[in-house]
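Okay, so here's the structure we're looking at.
Values quoted throughout were computed directly from the atomic coordinates according to the rules given, and no laboratory measurement underlies them. Just so we're clear, the structure is a prediction, and the values are computed from it rather than from any experiment. Don't worry about glycine lacking a Cβ; one is built from the backbone with ideal geometry, like all the others, and counts go over all protein chains shown.
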Amino acid sequence: TCLSKGGGFHFPPCHMLSVSGFRILLDCPLDLSSLAIFSPVPIALEAHESLETDSVVRKKQKIEKTLDANDLVFAEPWYKTVKSLHLWDASFIDVILISSPTGMLGLPFLTRTKDFSAKIYVTEAAARIGQLMMEDLVSIHMELRQFYGPEDSSSLQWMRWEGLEVLPSELKKIALGADCEELGAWMPLYSAVDVKDCMRKVQTLKYAEEACYNGTLVIKAFSSGLEIGTCNWTINGPKRNIAYISSSIFVSTHAMDFNFLGLQGNDLIIFSDFSTLDTTENMENDNTYCDPAASSNASDDLYNLEEIAASLLKDDESMEEMEKLAFICTCAFDSVRAGGSVLVPIDRLGIVLCLLEQMSLLLESSSLKVPIYIISSVAEELLAFTNIIPEWLCKQRQEKLFSGEPLFAHVKLIKERKIHVFPAVHSVELLTNWQEPCVVFCPHWSLRLGPVVHLLRYWCSDPNSLLILESGDDANLALLPFKPMAMKVLQCSFLSGISLQKVQPLLKALQPKLLLFPKDLRCKIQISEANTIIHYSENETLCMPSSKESTEIYIATDLASQFHWKTLKQETVTRLDGELFMDQGKHRLLSGFRQADSKQHRPLLHWGSPDLKRLLTELSKMGITGTLKKNMDSAESKNAAGIIDIDDPEKALIDVRETVQSP
Amino acid sequence: MAIDCLVLGAGQEVGKSCMVVSINGKRIMFDCGMHMGYTDSRRYPDFSLISKNGDFDNALTCVIVTHFHLDHIGALPYFTEVCGYKGPIYMTYPTKALAPLMLEDYRKNMDRRGEDEQFTSDHIAECMKKVIPVDLKQTVQVDKDLQIRAYYAGHVIGAAMFYAKVGDAAMVYTGDYNMTPDRHLGAAQIDRLQLDLLITESTYATTIRDSRYGREREFLKAVHNCVAAGGKVLIPTFALGRAQELCILLEDYWERMNLKVPIYFSAGLTIQANMYYKMLINWTSQKIKETYATHNAFDFKNVRNFDRSLINAPGPCVLFATPGMIVGGFSLEVFMQWAPSENNLVTLPGYCVAGTIGHKLMSGKPTKIDLDKDTQINVRCQIHQLSFSPHTDAKGIMDLVKFLSPKHAILVHGEKPKMATLKERIQSELGIQCYCPANNETVTIPSTHYVKADASGTFIRSCLNPNFKFSTCSSTDKSYLDSNKSKAVSRLSVSDDRATEGILVVEKGKKAKVIHQDEFLHMLGEKKHEIQFAYCFPMHMARTEDLSSTSHMLCSFDKCTLISRLSMILSDELSEGNILDLGEELQVESFHVSVCSSDNCPHRLSSSLQNGSESVFFCCHWSVADEKLAWKIISIMKNSTL
């Protein structure tokens, strides 16, 4: 079942699978873009007094007008989780697979429920980064909460009907969803304790490490290239091999490349990269969209695997990304030269790290002395962490390890005091060090939480300053509270998934028997493979036919050689012995450790029906005599039911009857 | 199927570890080391044994290097660049990062000693390009059949044990490992695997070490005393591993005692190594790992670079100099200068290969050492031997072997007599076949192989449901009758016949199939045939007062009391089987007994015992499987009275 198709990088899709009787939840994200309906703090403070009268007036007017900042909800923000997930009982989930740090932001909501017993698998790096992201979220939320004071009932006002009625339609849609049923997905944020508790339940893995769940499912993570620690999963059960492809990037500038070769040889592939869904629309407008005919022509040629692999791993995407970053840097540079400051509220770790490198390089080449500030409660730890994880990075970065250089340049830059890291806007060191113009990296990309709010308020009227935003769902809504804005805004999109042209060759390389493909992408791409494609859509459960009919059993040869074989008409049979083990998704029959078992009888199984007359003659040969008495009751039965009276040497009786035996 | 192990090095000795293992047609070389004690051709493994014509690419599937010590990697550049092996080489990330430093350091020292170089700097660089780095626990598919996986070994940073699996055969090569965590590294960790073969090191095959703590303190005290008296401390180590560990120890101590005596690292090399350590902090112990955000443990504050001019500078100092074991190079140079002074201290960490100066210093208290024909060194300085070592001790080896319980074990990397002792222990205590081959010998062991069969759903399902049978085997002690307290020891043995309910069917031209026994009959189209025995016999009744009144009529209530009495008798006499009282009948396994009321029971044989009301007929039947049990019960019943 697909629960949610998610949205972009920050809100990955979420699925529920049922494999071999185990329920598997793939990702548990949090929809942070819906935070946009809340008002950032400073405005809330000003408006607080006028709140009551104002809202009453507007309720009476009931006129749809253009949104302005006052329409936003003035309350302590709540957070929107995946709505359909609440329909499942958390205690029935057996396994949770997390494929990216953003995919675990909603996890504490699940882990804090009672009876939660699922095993959570996350890659080591994703777990660490995800934990830091959650901690950051909690800490900036706490900061915000200080403005609202202790939670009171009024802060929940917007959730009630009268509160929701007042909301303009645009906000209402975010709050309630298109079908007005998503209200239940809103939750107050978890606490730091919940996060800690959640992390204790997480089992971390390395790339390609085999984790065995319950002896039945072998679960492995393969790098997906999207971000440090992100991964695609393979699930090998006794009856089926499944690969789950999340948003992936073939060649990354920081994280380890998409390891699609590891996904080969699986029967079923769940394709869950929805990133193209958002981007293609823009691309079509730009006329840069590559029409499917061209790509299918190219794939008509008989590729062999290496060629496909080579074409997939061509550097063009990462080159493009680097150019994009370079462009951003020059833009930033220009505004810094003009005396303005640059604010970068981007939370994608890899992008930030690359930007830091390029930006400082550019600043260094010019004689401009502009400090770079990073303001975040977890920045210091995050930056330290990124420098000790060579195993999770791309080849070029690993080369740096082997030549003894730091993995990312920021280590050196911090030492040279070109980059300054501060935990919060109000920290004393920041105030003493502050120098304008400057470049600031800080959370949060929703522009509702964290240091970005203060800085944006501070700079929004400066025409020389620049805000670099990741193009999201609704930049207009995001910037609403800060209007009117004299500040320049640069919106940029970053690659966050497999581009459409590459889907086709990728699937060709993987050769799945069955492909689960999102319905929404169907019109965008023609897949001309012979294998079966099943389209799925949100909240629809699909049942996949099983690929293998029977289970295989592996019998150790030393045991097999001890079997007592018996030849029947056509086949040779033997009774099994030993002990059956379930291990790594395979049934194995090994010789047991039973000692001195000779006394114990193995169960006997007799079949067929005896011929009484033959029995009697055989008996008489052995010196046993008797007479045959036909049983009266079973006279009609064709079988040889009857009684033999034995007279010699002792009195005995053999009674042959039909048993009521159903096979 | 068999696994062939060709020992090219470290067979009954320490040094030049190299082992070529063939499993199911795949040939893997584990480690490619050199011997530090030799300078002639004996220092390298005899590669000609792998392939006569020098075509190593086809002869080997891959090379796996466990860690960066020279006795495990020293011959690798020679093998790849001079001998021309071009296939894949696997090692962990830290090993790949640090191995070039190690090799380069060695090469430089060889230079100084004026020996002919066997490989150049370029060779090392080229060689390292061929290396594929792996992470711990990452399952690497070398080719279609061969799977390898690294496990944490503890010994030095990045040291790993390697698991290799081809088809159904699996093995582990441990390299060097340490089962107890030390200053900066954790203990070895491995999953419980099903192995045909375990190849383990056995450096300390007979030693059992006590706690590190005391030894560490001893070391610190020795160093402190020396520097307090104004002496110089020389610690000859190899560039990596031990140097960092001791440095953490000293740094910690310096901080606590507020010492200002400089700690030097010879050459810039080891300082640079610390840079690697900082990045590879994930491979160290948990305790150090946690500090990375606030203070990286490998950011040494008191450590400085050493300059040659400082050798004779006045004042105390501590110096880490390469190479270890004082085989030559800078450490020898410093040793020659410092050895004659009584104030100075030489600390020898860990193992010294026979033939080195380090070994000579350790094996006694020499006053003079002959370097070569012309040179002689006066040794007057103090010598302290560090006895904590990154190798596991005998207990650790035994624990690992026991934990993995492989079908066979091979010991390498140890001293011959000690290995023989350990081999005996493994064979007698654990019952595992054990070998310790010498160099250039081959050991062949059989490997497991599985036969594949399809299993029916019914069989799998019935196996999923536990089907325990409980049977009590009581072994009565003789002492039971004598002492009041002791009770009869009755063990409850649990047997589970799930697997034996399965039947394997092989038809010509078809795949073998496993089915449940119930399905089997259906498949044959035959009906089940049960053999049952029945017997009806009288049993004596005790003539009691209240019974006499009721004995004439056998109502159902009476049957019940009879049965329950019978059950009491049986439970006293019978040692096996579960007795179930089902009201009107009694059941022991498949043996059923009930009171027989009909006079002309077909199973009643003779009416010889006609004691009238004094006996009651019991009718019993049982299936053939429990025949022995049935006759036992019957004889008990016949011999007792109700």
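With a threshold of 24 Å on the Cα-Cα distance, the over-threshold entries among B:Lys96/B:Lys137; A:Lys206/B:Lys407; B:Lys137/B:Lys289; A:Lys324/B:Lys130 are A:Lys206/B:Lys407; A:Lys324/B:Lys130.
Only Cα sites of the range A:316-492 enter the Debye sum here, all with the same form factor; the resulting log10 I(q)/I(0) across q = 0.17, 0.20 1/Å is -1.12, -1.53, listed in q order. Ranked for footprinting exposure by Cβ neighbours inside 10 Å, fewest first, A:Leu507, A:Leu226 give A:Leu507, A:Leu226. Take every pair of alpha-carbon atoms less than 8 Å apart whose residues are at least six positions apart; their mean separation over the length of the range B:129-207 yields a relative contact order of 23 percent. For the segment B:86-97, counting C-beta atoms of other chains within 10 Å of every residue's C-beta and taking the mean gives 2.
Overall shape of the range B:87-241 was characterised from the C-alpha gyration tensor. The equivalent ellipsoid obtained from it has semi-axes of 33, 25, 12 Å, in decreasing order.
Among the listed pairs B:Lys165/B:Lys423; B:Lys108/B:Lys129; B:Lys221/B:Lys260, those whose Cα-Cα separation exceeds 18 Å are B:Lys165/B:Lys423; B:Lys108/B:Lys129. Put in line by how crowded their Cβ is, counting other Cβ atoms within 10 Å and starting with the fewest, B:Glu342, A:Glu143 read B:Glu342, A:Glu143. When each of A:Met133, B:Met19 is scored by the number of other beta-carbon atoms lying within 10 Å, the sequence from fewest to most is A:Met133, B:Met19. Kirkwood Rh over Cα pairs of the range B:167-210 into Stokes-Einstein at 10 °C, 1.306 mPa s: D in µm²/s? It diffuses with D of about 127 µm²/s by this estimate. Of interest is the spacing of the C-alpha centroids, which for the range A:373-402 and the range A:406-451 amounts to 16 Å. When the inverse distances between all different Cα atoms of the range B:32-144 are averaged and flipped, the Kirkwood radius reads 14.5 angstrom. Among the listed pairs A:Lys119/B:Lys26; B:Lys16/B:Lys287; A:Lys220/B:Lys452, a Cα-Cα separation exceeding 30 Å is found for A:Lys119/B:Lys26; B:Lys16/B:Lys287.
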